[in-house]
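Peer 1: Below: one structure in C-alpha cells.
The values are calculated or read from the model by the stated rules, or taken from the named source; none is laboratory data. Just so it is clear, the model here is predicted, and its values are computed rather than measured. All Cβ positions, glycine included, derive from the backbone under ideal geometry; neighbour counts span all protein chains shown. Accessible surface areas use protein heavy atoms only, side chains included; no ligands, DNA or RNA. Shrake-Rupley method; radii C 1.70, N 1.55, O 1.52, S 1.80 Å.
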Amino acid sequence: MRLFGILIVFLTCSLLAKADTAAQIILQKKSAISVSPVRLYADSTFSKTTEITFTEGELFEILGETVKEHLDNTQNQTFKWFKIKALNGKTGWIFGDNLAVVLNESSIDIRLKPWNKKEAHFDNGFEKALIWFGSVEGHDEKNKGINPAYKEFYLIITNDKGKSVSLNLSNINESGKKTLESIYFQDVTNNKIDDIIIQTNTLPSDKNLAERDLEIYTFKAGGLSKIFEERLALNWEDDVPSPAFSKFIDIEGSEIRVAYVDYVPCEKYSLGLSTDVRSKTMERCLEYVTYSFVWDNGKKAFEPFYKESRAPVSGIVTKKVTLNKGPSVSSEKLAIIPVDDKVLIIKHFDALKSEKGVKKVENWLYVKHPSGVYGYMNADDLVFKNVEHAPVLKNYYSKTPLLKQDWKSDAPFVTVKK
C-alpha cells in the first residue's frame, strides 16, 4: 500500500510538472505552436529530414532561428527555420510556414492585450488554459522583383497538458488582407463557459468591397468548432457597397438578432407600394429586414427563432419640403410636407450634378405621405426612424462620395450584451 501511495504521488507530480512546463514555456520563454502538421529536421535544410512529426496544436519552446528566410519551392514562399524543443524533449528544426510564434507585447493589438497570457477556463479538456497570440510570418515570392509580406495572426489557447487550439484572426498576403474588427469571450450556449465571437473583414486584392463576417466558436471534443456564421457586408451590386453598408447584429444571451436596410432592385420590391421604376442603375427600393436565431441546447446549434420579415422603412421630415413628381428640383410640385411629418421611404434615386464645376451626387427618396401622395424629396431633408442604420444613412446622405466604391463606415455593427 505504501508503494502504491508513493506511485500515485509520483504520477501526480509528473503531471503537474508537465503542466508547469507548458505554462512556463508560454509565460517565461519563447513559445510557438504548429497550426498544421509539421516535420522535424536535423538542421535548417530540407535535406536532413527525420521521421519525427507533430500534429496540429503541439506546443514548442523556441531555442533559436535563422537570420534569413529560406525558400520553400513547393509554395514559392520564404520563411525562417526555427530550432525547437517539444514537450516530449525532442529537439530539432521546423520550417516556419506552419509555426505560429509568440508575438511580442508591443506587436499585439491594444484591444487584445487584456487577454494576452491570461488564464481562461473553457471545457472539453481546456478547463485550465492560457490565452496568447502568435503569428506565422514570411514573404510571397510569386512575382519577380516583388516581395510582399505574408503574415497569419492567431488567437491561441493552450491547456495544462500543452495541447493548443488556434483561430486565425487576420492575415496579409498577395491575394488580399483579412483584419480583425472585434472579438468577445462570452457564453452564448447556456453552459456557463465562454464561447468566442469574432468579426473579421476580408479584402481580396482584386476587389474594392470587403467581405465582413461574424463567426462564433465553441469547444467541442477537445477542439474549437464553428457554431454560427453570418455574412455582414451589404452590396448595391458586385464590389459596390450599399449605403447601409453592413448588417447590424445584436447578441444578447443565447439570442442573435439580425437587422438591416436592404437596397433591392425595384423589380424585386416585395412590399406592394407604388415604386415608380425609372432606372435599373440609379435606383434601389428599400426594405427593412429582420430575423433572429436562438441556441437550441438539444440540437447544439443555433436555430431560426423568428423567420425573415420585411417591412417599409419610415422617416421624419426635418424641415418643410416640397414633394416633387420626379427626382429633380425642376419637376412638377405635388405637395408641401411640414416639419416632423412621417413618410414611408420606398425608393432611393441618385444622379450626378455639377456645382461651380464640381461634380456631386444628388440623392432623392421616393416617399409616400400619410395623405396618400407619392413623390420625391431630397434625402438630406429626412432622418430614418426605427432602424439601426439611421446614423449610418444620415452620414451617407450628408457626405455622399462621388463613387459608391469609396463609401466607408466605422460604425460598430455588432453589439454583444450579457
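Peer 1: Enter the accessible area of residue 281 (Å², nearest 10), with the probe set to 1.4 Å and all protein chains included.
Peer 2: 100
Peer 1: Could you give the accessible area per residue of the chain, probe 1.4 Å, as a whole number in Å²? Present the calculation step by step, with values, prior to reporting the outcome.
Peer 2: Numbers: 21250 Å² over 418 residues.
Per-residue accessible area for the chain comes out at 51 Å².
Peer 1: If you filter the stretch 154-207 for trypsin sites (Lys or Arg not before Pro), then keep DSSP loop positions with at most 12 other Cβ within 10 Å, what is left? Write down the numbers at each step before the final one.
Peer 2: Working: sites: 161, 163, 177, 178, 192, 207; in loops: 161, 192, 207.
Sites meeting the loop and neighbour criteria: 192.
Peer 1: What is the pair-distance distribution P(r) of the stretch 149-219, computed from all Cα-Cα distances in 5 Å bins starting at 0, with each bin given as a whole percent?
Peer 2: All Cα pairs considered, the percentages come to 4, 14, 21, 21, 17, 11, 7, 3, 1.
Peer 1: Taking 41 Å as R0, compute the FRET efficiency from the Cβ-Cβ separation of residue 240 and residue 72 and round it to 0.05. Could the numbers behind the result be given before it?
Peer 2: Details: r = 38 Å, r/R0 = 0.92.
For residue 240 and residue 72, the calculated efficiency is 0.60.
Peer 1: Expressed as a fraction of 2.2 N^0.38 Å, the rule-of-thumb size for a compact globular protein of N residues, what is the C-alpha radius of gyration of the stretch 113-187? Each step should come with its number before you reach the end.
Peer 2: Details: Rg = 15.6 Å, N = 75, 2.2 N^0.38 = 11.3 Å.
In units of the globular-protein estimate, the stretch 113-187 measures up at 1.37.
Peer 1: Give a residue-ordered list of calculated ³J(HN,Hα) values for the stretch 203-209 (Karplus: 6.51 cos²θ - 1.76 cosθ + 1.60, θ = phi - 60°; whole Hz; x for Gly, Pro).
Peer 2: 10, x, 5, 9, 10, 9, 9
Peer 1: If you don't mind, there's one more thing I want to ask. Taking the Cα atoms of the stretch 365-418 alone, what are Rg (to one decimal) and Dmax (as a whole number) in Å?
Peer 2: Rg then Dmax for the stretch 365-418, in Å: 14.4, 45.
Peer 1: Let me ask something else. Cα extents of the stretch 209-358 along the three principal axes, largest first, in whole Å?
Peer 2: Cα extents, longest axis first: 68, 34, 28 Å.
Peer 1: Of all accessible surface on the chain at a 1.4 Å probe, what whole percent is carbon and sulfur? If you can, show how the numbers build up before the last one.
Peer 2: Values: 11020 of 21250 Å².
Taking all protein chains in place, the chain shows 52 percent carbon and sulfur surface.
Peer 1: In the stretch 307-327, whose amide N lies under 11 Å from the spot 7 Å out along Cα-to-Cβ of residue 274? List them in ranges.
Peer 2: Zone members listed by number: 325.
Peer 1: Subtracting the Cα-Cα distance from 0.36 nm times the residue separation, let me have the gained length for residue 405 to residue 229 in nm, one decimal.
Peer 2: Values: separation 176, 0.36 × 176 = 63.36 nm, distance 2.52 nm.
Gain in length upon complete extension: 60.8 nm.
Peer 1: What number, rounded to the nearest 500 deg cm²/dmol, is the helix-based mean residue ellipticity at 222 nm of the chain, given -39500 (n - 2.57) per DSSP H run of at least four residues and division by all its residues?
Peer 2: Values: 2 runs with 36 residues, N = 418.
Calculated at 222 nm, the ellipticity per residue is -3000 deg cm²/dmol.
Peer 1: Rank 172, 25 by accessible area, highest first, at a 1.4 Å probe radius? Mind showing how you got there, number by number?
Peer 2: Details: 172 75, 25 10 Å².
Solvent-accessible surface, decreasing: 172, 25.
Peer 1: Helix 2-28 against the longest principal axis of the chain: what's the angle in degrees, Cα atoms only, rounded to the nearest 10?
Peer 2: 50
Peer 1: So, one more: Taking all pairs of different Cα atoms in the chain, averaging 1/r and flipping that mean, what Kirkwood radius in angstroms comes out?
Peer 2: With all distinct Cα pairs of the chain included, I get 25.3 Å.
Peer 1: For the stretch 308-325, take each phi angle, set θ = phi - 60°, evaluate the Karplus expression 6.51 cos²θ - 1.76 cosθ + 1.60, and give the result in whole Hz per residue in order, putting x for glycine and proline.
Peer 2: Running phi through 6.51 cos²θ - 1.76 cosθ + 1.60 with θ = phi - 60° gives 4, 10, 10, 9, x, 9, 10, x, 10, 6, 9, 7, 4, 10, 9, 8, 9, 6 Hz.
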